[in-house]
1. Give region 131-173 a look and list any residue that's free of Cβ contacts under 8 Å to residues at least 40 places away in the same chain, over 19 Å from residue 10 (Cα atoms) and in contact with a strand residue (DSSP E or B) (Cβ under 9 Å, 6 or more places away or on another chain), or say none.
2. Pick out, from region 69-126, the strands (runs of 3 or more DSSP E) lying fully within it that include 2 or more residues that are surrounded by fewer than 16 Cβ atoms within 10 Å (Cβ to Cβ).
3. Would a scan of region 80-91 turn up a residue that is of a type in the set (D, E, K, R), modelled with pLDDT of 95 or more and touching a Pro at 6+ places or on another chain (Cβ under 8 Å)?
4. If you check residue 120 against the conditions, is it under 26 Å from residue 63 (Cβ atoms) and among the small types (Gly, Ala, Ser)?
5. Just one of 33, 10 is out of contact with any Gly (no Cβ under 8 Å at 6 or more places or on another chain), in a helix (DSSP H, G or I), crowded, with 17+ Cβ neighbours inside 10 Å and not small (Gly, Ala, Ser); which is it?
6. Quick test of your reading of the structure: residue 28 fulfils all but one of (1) in a helix (DSSP H, G or I); (2) at pLDDT below 95; (3) not hydroxyl-bearing (Ser, Thr, Tyr). Name the failing condition by number.
7. Could you check how many residues of region 116-144 are of a type in the set (Val, Ile, Thr) and touching a Gly at 6+ places or on another chain (Cβ under 9 Å)?
8. Go through region 139-185 and give me each residue that's surrounded by 15 or more Cβ atoms within 10 Å (Cβ to Cβ) and under 18 Å from residue 50 (Cα atoms).
Amino acid sequence: MSLVEQKAALRKAAFARRKAAHDAGGAGRSGLLSEFLAGHRGVPIAGYMPIRTEIDPRPAMAEASAYGVVGVPVITGEGQPLVFHDWDPEAAMVDGPFGAFVPASAVAMVPEIVVVPLVAWDLDGNRLGYGGGFYDRTLEGLRARRAALAIGFAYEAQLAQGLVVEPTDQRLDMMITENRVITFS
């Protein structure tokens with residue numbers, strides 16, 4: 001099986017697990033993310049606008065926005081790193097690429113903490129994304145400039161074994177689920 005086929009199979013299984021976790025519902029799924037971000041008030045943070053069945057970080061982002069700058073990613077083109085634009089709970093939003101909303105006002109920001117969506121994750125800090133490499137390029141660029149903390153945010157059910165790791169993949173520093181916080185060394 002080729003690398004592309006392996007990743008496709010991993011994604012298919014992870015999407016099914018994520019959908020089941022998402023459909024199970026339940027309140028407070030971003031509670032641990034909120035707790036973590038509360039310890040970093042004033043630090044520029046980037047979250048994301050959830051698409052499909054991604055776990056929703058917006059409650060934690062809204063709390064963080066009361067104490068500092070919060071941004072969301074904007075795709076500028078294929079093969080390009082993400083840029084981040086200021087966001088707050090009252091921000092006017094417009095349709096962006098891949099179905100994610102982006103702020104109507106394009107005020108750039110540079111995060112020190114990036115909350116990263118994903119399809120699957122493992123206990124070594126690896127993540128499987130959608131396959132575009134946007135977060136890998138972005139994290140590599142941010143980390144080349146200064147320390148940048150990458151926090152995966154996903155359902156516990158998205159934990160996987162046997163993720164295929166490539167040299168360009170950027171590891172997570174932490175993983176936060178609805179159930180626990182894991183710091184990777």
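1. 139, 142, 143, 148, 149, 150
2. In region 69-126, 93-95 are the strands (runs of 3 or more DSSP E) which contain 2 or more residues that are surrounded by fewer than 16 Cβ atoms within 10 Å (Cβ to Cβ).
3. The answer is yes; a qualifying residue exists.
4. no
5. Numbers: 10 fails: out of contact with any Gly (no Cβ under 8 Å at 6 or more places or on another chain).
Step by step, each of 33, 10 is checked, and only 33 is out of contact with any Gly (no Cβ under 8 Å at 6 or more places or on another chain), in a helix (DSSP H, G or I), crowded, with 17+ Cβ neighbours inside 10 Å and not small (Gly, Ala, Ser).
6. Of everything listed in (1) in a helix (DSSP H, G or I); (2) at pLDDT below 95; (3) not hydroxyl-bearing (Ser, Thr, Tyr), residue 28 misses just condition (1).
7. So in region 116-144, the residues of a type in the set (Val, Ile, Thr) come out as 116, 119, 138.
Filter once more, keeping what is touching a Gly at 6+ places or on another chain (Cβ under 9 Å): 116, 119.
Residues in region 116-144 being of a type in the set (Val, Ile, Thr) and touching a Gly at 6+ places or on another chain (Cβ under 9 Å): 2 in total.
8. 150, 151, 152, 153, 154, 155, 157, 158, 175, 176, 177, 178
The values are calculated or read from the model by the stated rules, or taken from the named source; none is laboratory data. Fair warning: this is a prediction, and the values are worked out from it, not measured in the lab. Don't worry about glycine lacking a Cβ; one is built from the backbone with ideal geometry, like all the others, and counts go over all protein chains shown.
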